[in-house]
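Following: one structure in structure tokens, then a few remarks.
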Amino acid sequence: EALAWGHFRSTLREIDAPDASGQRIVLQFERVPFYCAAFVNGRQAGEHRGGFTPMEFDLTPALGGGRNRLAIYVMDATAAIQGNRAVHQLGVMQPDRLRYTGGILGRAWLETRPAVHLEDVVIETSTRRKHIGVECELHNAGSSPEKLDLRLAVRDWRTGQPAEVTLPEQYVELAPGE
């Protein structure tokens, strides 16, 4: 017979807002078991559901000048207690073999980035077809439209020298919030 149960943890820290005029302050997590919410000065900065995946929250709108209160709430509702073991969707975790206490797994850090930034990149290569495909996801967190000139440099992995590849330049205009 299993008893419904979950690991949970909350953390409260005071942080100094970095001097980041025109930039964004982002809190990143390497991974959290199931659910994570971040609050800055009592205002929710974001939440994430999904097991063991990287996530980030933009803290900029909630930050004030000087000292700020950062609260992080983490919960793993995928666990159940069965006898003296925590039973998870990913298998049985035995406390004497694995020190799982719930909470943040991996690193958590603050990052400063420009308002217009590269959000994600997917690269597809095929030596057989002599093909390189690149897909970029850009984001404009600023308040005005931005024009961007995207260029890709391909380098020989052995020498670090530019490879002889012809790629078209891309010009993109991003509206605020896009």
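Select, from 112, 125, the only residue that is under 30 Å from residue 75 (Cβ atoms) and modelled with pLDDT of 85 or more. Answer to the check: 112. Restricting attention to the range 51-59, does a residue exist that is modelled with pLDDT under 85 and in a strand (DSSP E or B)? Yes, the conditions are met somewhere in the range 51-59. Identification of strands (runs of 3 or more DSSP E) wholly contained in the range 101-178 with 1 or more residues that are more than 24 Å from the chain's Cα centre (by Cα) and over 22 Å from residue 23 (Cα atoms) yields 116-126, 131-140, 170-174.
One line per residue, one yes/no per condition, for (1) in contact with a Leu (Cβ under 6 Å, 6 or more places away or on another chain); (2) closer than 30 Å to residue 138 by Cβ; (3) at pLDDT below 65:
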| position | (1), (2), (3) |
| --- | --- |
| 8 | no, no, yes |
| 22 | no, yes, no |
| 25 | yes, yes, no |
| 73 | no, no, no |
| 106 | no, yes, no |
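For the range 13-41: of the residues being small (Gly, Ala, Ser) and more than 14 Å from residue 56 (Cα to Cα), which is most open to solvent (accessible area, probe 1.4 Å)? Let's see the steps before the verdict.
Step one: list which residues in the range 13-41 are small (Gly, Ala, Ser), which gives 17, 20-22, 37-38.
Restricting the remaining residues to those that are more than 14 Å from residue 56 (Cα to Cα) gives 17, 20-22.
Numbers: 17: 32, 20: 18, 21: 106, 22: 64 Å².
Residue satisfying both the conditions and the ranking: 21.
Residue 78 meets each of the listed conditions (1) over 14 Å from the mean Cα position of the chain (by Cα); (2) at pLDDT 90 or above apart from (2). The residue of the range 144-160 that is nearest to residue 117 (Cα to Cα), among those that are modelled with pLDDT of 85 or more and open to solvent by 90 Å² or more (accessible area, probe 1.4 Å), is 147.
What about residue 113, is it open to solvent by 80 Å² or more (accessible area, probe 1.4 Å) and charged (D, E, K, R)?
Answer is no for this residue.
The values are calculated or read from the model by the stated rules, or taken from the named source; none is laboratory data. Given the structure is predicted, the values throughout are model-derived calculations rather than measurements. Using ideal geometry, Cβ is built from the backbone for each residue, glycine included, and neighbour counts are taken over all protein chains shown. Ligands, DNA and RNA are excluded from the accessible area calculation, which covers all protein heavy atoms including side chains. Shrake-Rupley method; radii C 1.70, N 1.55, O 1.52, S 1.80 Å.
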